[in-house]
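Single-structure report; data block below.
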């Protein structure tokens with residue numbers, strides 16, 4: 001028996017449970033309910049309603065990614081710096097929420113923000129008015145940042161830790177001030193970490209439906225929500241498949257774009 | 001001073017990450033159902049949790065799916081890695097890139113694509129069974145959820161085992177064959193011990209991914225709920241303090257697990 005045959009069960013499994021389902025999505029996207037070829041599903045997407053939902057998903061995910069980067073980069077940098085390098089407990093503590101189910105974290109956020117939640121109760125007991133903290137885009141954005149910021153910290157931290165400290169010393173010896181050391185040496189070398197952090201935050205943020213449903217209280221929809229509804233509520237599988245296909249192409253395109261930017265940066269960063 | 005400022009920043013971040021979790025833990029011991037006031041210490045929500053059959057069933061289902069999926073995925077993935085490693089470079093590269101596909105596909109698309117496939121196949125089964133005269137109506141539940149979990153777990157095992165195979169000295173296996181060892185025995189006695197760390201990592205990854213999964217389970221099972229699905233539907237109904245109790249227990253479980261893993265890797269570093 002040849003050793004390469006060992007992969008056979010896996011290949012069969014992948015064909016059945018990864019390739020065939022994705023091909024079915026493509027098939028459904030290009031057919032109507034009777035199974036005839038049509039482009040109507042794709043055309044229906046270019047309707048102001050759906051385009052505005054796509055736009056909302058994109059900008060929420062974009063802001064979520066930017067905020068995670070702004071919060072996460074300094075955190076990763078400080079954690080990796082000499083000041084806290086020996087503090088393993090701190091590192092574990094910051095990454096611990098990552099291992100907690102995201103629905104539980106969202107649930108925790110809900111109980112803070114709700115109309116009768118902790119924050120509003122505190123405001124009332126201090127004599128202020130109740131605020132509408134839940135059911136809007138801000139709440140969804142906050143929930144996303146809360147859920148995903150550890151996924152930005154970890155890869156940047158890893159990239160900074162892997163860095164050869166002698167490069168930094170060399171830059172210092174050659175007379176670079178701390179700011180220039182950071183700008184010219186540390187930051188460019190941490191870009192691979194930033195790129196994987198961005199992927200790890202942007203992708204779940206742009207595809208989420210649970211966070212928006214729970215913290216947006218169903219007041220507005222994101223791209224993930226309409227896919228979920230098309231499949232589970234209105235049973236419009238053809239249009240749902242077209243939406244899934246568009247989402248997948250969007251993700252592939254953004255990952256490709258990011259990797260391209262990364263490759264360019266790395267080539268230029270060396271000099 | 002610098003360390004103080006940096007510590008302050010990390011402290012703020014920790015507050016942001018833990019405030020909702022701490023609030024949840026505190027409220028899980030609150031005797032009053034209202035979040036507005038503290039009604040005294042009580043374990044009633046924990047009691048309610050352990051008598052709630054829906055939650056206990058979901059816990060049992062989650063564990064069963066995670067265990068079976070991990071065992072199957074580990075075997076499939078390890079065999080696949082050994083097989084692909086023995087293939088010609090071109091074919092191996094194609095298979096590895098295809099294996100990467102489920103990892104870049106958004107969860108929601110994986111979920112709906114698997115759901116489409118299961119429903120499609122079940123429709124065929126129904127039609128054939130009616131034609132034979134023994135109608136069989138299959139539904140999305142434990143079985144389909146399990147198959148979906150195996151499908152998304154297996155690539156993680158493959159990608160954890162592959163590097164170990166690449167590090168291995170190729171001559172060892174050949175030497176065993178030359179000395180008259182049958183191929184299967186050589187795989188078991190020579191290759192397997194060398195790649196064991198990768199296999200264990202892959203199995204652990206699979207197990208945590210399975211335990212934590214919401215989106216794919218949500219689309220591939222309608223009759224059976226796992227814990228994440230229970231939490232999601234509870235959250236949509238509004239706040240229920242027994243979910244706080246569940247969160248507290250799950251948080252503690254993750255904490256203990258991480259401490260054990262940390263201890264284990266610390267021991268490995270020493271020895």
Original post:
Tell me, which residue of region B:119-150 that is within 16 Å of residue A:20 (Cα to Cα) and modelled with pLDDT under 95 is nearest to the chain's Cα centre (by Cα)?
Top reply: B:119
Original post:
Quick check, is residue A:153 within 11 Å of chain B (Cβ to nearest Cβ), out of contact with any strand residue (DSSP E or B) (no Cβ under 6 Å at 6 or more places or on another chain), under 27 Å from residue A:56 (Cα atoms) and surrounded by fewer than 21 Cβ atoms within 10 Å (Cβ to Cβ)?
Top reply: no
**OP:** Examine region A:247-270 for a residue that is buried (at least 22 other Cβ atoms within 10 Å of the Cβ), more than 11 Å from every other protein chain (Cβ to nearest Cβ) and either touching a helix residue (DSSP H, G or I) at 6+ places or on another chain (Cβ under 8 Å) or not in a helix (DSSP H, G or I) (or both), and state whether such a residue exists.
**Re:** no
**OP:** Output the residue which, of all residues in region A:44-86 that are out of contact with any helix residue (DSSP H, G or I) (no Cβ under 9 Å at 6 or more places or on another chain), in a helix (DSSP H, G or I) and under 30 Å from residue B:1 (Cα atoms), is nearest to the other protein chains (Cβ to nearest Cβ).
**Re:** A:70
**OP:** Output the number of residues of region A:87-107 satisfying the condition of being free of Cβ contacts under 8 Å to residues at least 24 places away in the same chain, more than 7 Å from chain B (Cβ to nearest Cβ) and part of a helix (DSSP H, G or I).
**Re:** 2
Subject >> Exclusive hit being within 11 Å of chain A (Cβ to nearest Cβ) and surrounded by fewer than 12 Cβ atoms within 10 Å (Cβ to Cβ), set B:252, B:257 >> reply: B:252
Subject >> Lone qualifier among B:219, B:251 - being at negative phi and assigned by TED's automatic domain parsing to the domain that holds residue B:77 >> reply: B:219
Subject >> region A:211-234, subset surrounded by fewer than 20 Cβ atoms within 10 Å (Cβ to Cβ) and at the interface with chain B (Cβ under 10 Å from one of its Cβ atoms), residue nearest to residue A:109 (Cα to Cα) >> reply: A:217
Original post:
If you go through region B:177-189, how many residues are assigned to a helix (DSSP H, G or I), within 12 Å of chain A (Cβ to nearest Cβ) and either over 35 Å from the mean Cα position of the chain (by Cα) or surrounded by 13 or more Cβ atoms within 10 Å (Cβ to Cβ) (or both)?
Top reply: 4
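The values are calculated or read from the model by the stated rules, or taken from the named source; none is laboratory data. Note that this is a predicted model, so its numbers are computed, not measured. As a convention, Cβ positions derive from the backbone with ideal geometry for all residues, glycine included, and neighbour counts pool all protein chains shown.
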